[in-house]
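Structure record follows, encoded as structure tokens.
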There are 2 protein chains.
Amino acid sequence: MEPLLVRAARREPVERTPVWFMRQAGRSLPEYRRLREQHGFFDINRSAELTAEVTLQPVRRHDVDAAVVFADIMTPVLAMGVDVELVEGVGPVLAEPVRSQADVGRLRVPDVEQGVAPVLEAIEIVRRELRGDQAVVGFCGGPFTVAGYLVEGRPSRDFAVTKRLMYSEPRVWSNLLDRLSEAFAAYALAQARAGADVVQVFDSWVGALSPADYDEFVAPWSARIVDALREAGVPSIHFGTGTATLLEVMAAAGGDVIGLDWRIPLDEGWRRVAGRGVQGNLDPTALLAPWERVEAAARDVLARAGGRPGYIFNLGHGVLPDTDPDVLGRLRELVHRETATHAGAQKSHTSGTPA
Amino acid sequence: MEPLLVRAARREPVERTPVWFMRQAGRSLPEYRRLREQHGFFDINRSAELTAEVTLQPVRRHDVDAAVVFADIMTPVLAMGVDVELVEGVGPVLAEPVRSQADVGRLRVPDVEQGVAPVLEAIEIVRRELRGDQAVVGFCGGPFTVAGYLVEGRPSRDFAVTKRLMYSEPRVWSNLLDRLSEAFAAYALAQARAGADVVQVFDSWVGALSPADYDEFVAPWSARIVDALREAGVPSIHFGTGTATLLEVMAAAGGDVIGLDWRIPLDEGWRRVAGRGVQGNLDPTALLAPWERVEAAARDVLARAGGRPGYIFNLGHGVLPDTDPDVLGRLRELVHRETATHAGAQKSHTSGTPA
């Protein structure tokens, strides 16, 4: 049997709603924190065994329907010759930001099989360890989000330097995005060859843009990544936050499933990407609330999904470090219990046509 | 003649579209930077003369239709007994975050006439200096945004500590917001008595919330501030960013004019707040582009406003520090030229009913 997540991404009726959590691997888990006492973040990604171990930890603990590769969206960027440090409490910080044609020229499009070999090998291990109905989710960064980190040199709220480059030197911008989308498409396909069943494109900060700017400066390059996946028959999830006004243009750029954040009610978001599946969209901060509130919020999301095919339960963004792991387990259990059907198909009264 | 901005806020036909820029006073102006070499930020607000001077600088330079009081949304919070520092490149940082009932209990609701006397006196000076058709815009912080700074103790992207408090200790939250909205309503009314013609409520980071959370945890307190202004006959502008899915609930909470950011096309945003005026919404980062791009973006905004009464031209958020002041002047000129009418009223073919 194919993984539940793959069938849901294709909008086939499924025996229960698949559940996984962005950032389920890593910082919220005590077993990960113990491991991190001995290993740096990027050191983990230099070892296939460690990467596989961290990737599998949340699947063992929470019994979720997918393992998401433990890596950072900057992982393949290291292989492009960029000096990035993940600074605790800050995020990715570059020794030298990428702001000119010469800077872009220095970015190597890496031989991914070489450059991220341990990550790919970890995917092989994880795929072997999982049950057939569980999926491996591979991922790469979205072109705007990674370009934003490269140009700013550090996390930014307004992406002013990035947008100035985009508006003032469109050739440098398009060369940069050419290179990133080429590298990420290759990275995503390599993950699929290694055993990833689905790939998610994380364009997390794309919500800084107006719809017109997204369309002009991002969509063509996002499309290259998801098109490459589509041609290879790999289902994709296209995700961003703050995207309420971008959903139509994001869906037009591509993705079998569109990730929704908590700012838009799930049913409204689904209407805006009609013809696609959706994933989301519980507020990660809602998991810090007392359980009764978490449960009510999750039930509201499920009600808005309405049992229709093409739905994947997830948060609207990554698990926060302070999240109690037990809450994630209870949540997984709740969603499975509430959406389970006897016949291995959706409940008859809710299995209408896709939104 | 009443200020243009006041008439526009009441959705009366006006002889040209009023223009001002959030954060027009301060960091983008060389004359301000020179002054700041000798005075700390909060020191300026301890002198009525300095505050008035900084408030007037952009009106002299750009000939905009309004002066916005030079202050920070944390200015009245100092008078509540909170120890805040504005850290360069970071934002407001508190010596001790406000997270418990005891912390909330220590917040004084200040005697505003005393606590922010120089700011109020500055408004009197500025009002005397301006022409009759120019407006003084007073402002205060929105309850969520200020509470967020107080609870986090510093700027935050996800407001996780704030939301945890909101969900887990709703009594502490409501006591905190009671106190803030009481202080801000008093502060806003005092500004109006001193000569502010319009007051803008800056709930800048409210876009971190889902519509349901906004409605439960913010709307009742925002309403108190704008209701107090309405009862006093003072037009209000209710502003936030990332609010595409919050516009209806924000408009329901109140405000004669709703501020829109650049993430939503202006006409679409206006439809969502039907019956109100709108202000906005050029992307502040767009001002870093070559002039042809700035002009095209501004013309697009004006076209979407369609010459209808109730429109105020502004950016979608504050002027960025790196903005060339000349671009602001050219932009003001462009908007005035493009929207000027001969008869002192809107163009006849566009002066239909308000949106």
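The table that follows gives values for the structure above.
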| item | result |
| --- | --- |
| Qualifying residues in region B:239-267 (those that are more than 10 Å from every other protein chain (Cβ to nearest Cβ) and among the charged types (D, E, K, R)) - the one surrounded by the most Cβ atoms within 10 Å (Cβ to Cβ) | B:256 |
| Single residue of region A:66-115 satisfying the filter (among the acidic types (Asp, Glu) and not in a helix (DSSP H, G or I)) that is nearest to the chain's Cα centre (by Cα) | A:72 |
| Candidate set from region A:322-336 (those that are within 14 Å of chain B (Cβ to nearest Cβ) and not hydrophobic (A, V, I, L, M, F, W, C)); member that is farthest from residue B:156 (Cα to Cα) | A:324 |
| Evaluation of residue B:274 against (1) modelled with pLDDT of 95 or more; (2) over 19 Å from residue B:318 (Cα atoms); (3) over 17 Å from the mean Cα position of the chain (by Cα) (one fails), failing number | (1) |
| Residue within region B:6-19 that is surrounded by 15 or more Cβ atoms within 10 Å (Cβ to Cβ) and in contact with a His (Cβ under 6 Å, 6 or more places away or on another chain) present | yes |
| Residues (of a type in the set (Lys, Arg) and away from chain A (no Cβ under 14 Å)) located in region B:295-321 | B:308 |
| Region A:194-216 - residue that is in contact with a Leu (Cβ under 8 Å, 6 or more places away or on another chain) and either more than 14 Å from every other protein chain (Cβ to nearest Cβ) or of a type outside the set (A, V, I, L, M, F, W, C) (or both) and, of those, surrounded by the fewest Cβ atoms within 10 Å (Cβ to Cβ) | A:211 |
| Qualifying residue in region A:11-21 (condition: under 26 Å from residue A:146 (Cα atoms), touching a strand residue (DSSP E or B) at 6+ places or on another chain (Cβ under 7 Å) and either among the basic types (Lys, Arg) or in contact (Cβ under 8 Å) with a residue 12 or more places away in the chain (or both)) | yes |
| Hits in region A:268-294 (condition: surrounded by fewer than 16 Cβ atoms within 10 Å (Cβ to Cβ) and either more than 8 Å from chain B (Cβ to nearest Cβ) or in contact with an Asp or Glu (Cβ under 9 Å, 6 or more places away or on another chain) (or both)) | A:271, A:274, A:275, A:291, A:292 |
| Within region A:202-218, tally of residues that are of a type in the set (D, E, K, R), out of contact with any Gly (no Cβ under 8 Å at 6 or more places or on another chain) and within 15 Å of residue A:251 (Cβ to Cβ) | 1 |
| Matching residues in region A:1-60 - criterion: being in a helix (DSSP H, G or I), under 25 Å from residue A:298 (Cα atoms) and not polar (S, T, N, Q) | A:4, A:5, A:6, A:7, A:8, A:9, A:30, A:56, A:58, A:59, A:60 |
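Residues are listed down the side, and each one gets a yes or a no for (1) surrounded by fewer than 24 Cβ atoms within 10 Å (Cβ to Cβ); (2) away from chain A (no Cβ under 14 Å); (3) modelled with pLDDT of 95 or more:
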site	(1), (2), (3)
B:119	no, yes, yes
B:133	yes, yes, yes
B:143	no, yes, yes
B:147	no, yes, yes
B:161	yes, no, yes
B:173	yes, no, yes
B:177	yes, yes, yes
B:182	yes, yes, yes
B:188	no, yes, yes
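To keep it simple, each residue is scored yes or no on (1) closer than 20 Å to residue B:201 by Cβ; (2) aromatic (Phe, Trp, Tyr); (3) without any contact (Cβ under 8 Å) to a residue 40 or more places away in the chain.
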residue	(1), (2), (3)
B:49	no, no, no
B:102	no, no, yes
B:122	yes, no, no
B:134	no, no, no
B:139	yes, yes, no
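The values are calculated or read from the model by the stated rules, or taken from the named source; none is laboratory data. Please read all numbers here as calculations on a predicted model, not as lab measurements. Positions of Cβ are backbone-derived with ideal geometry, glycine not excepted, and every protein chain shown enters the neighbour counts.
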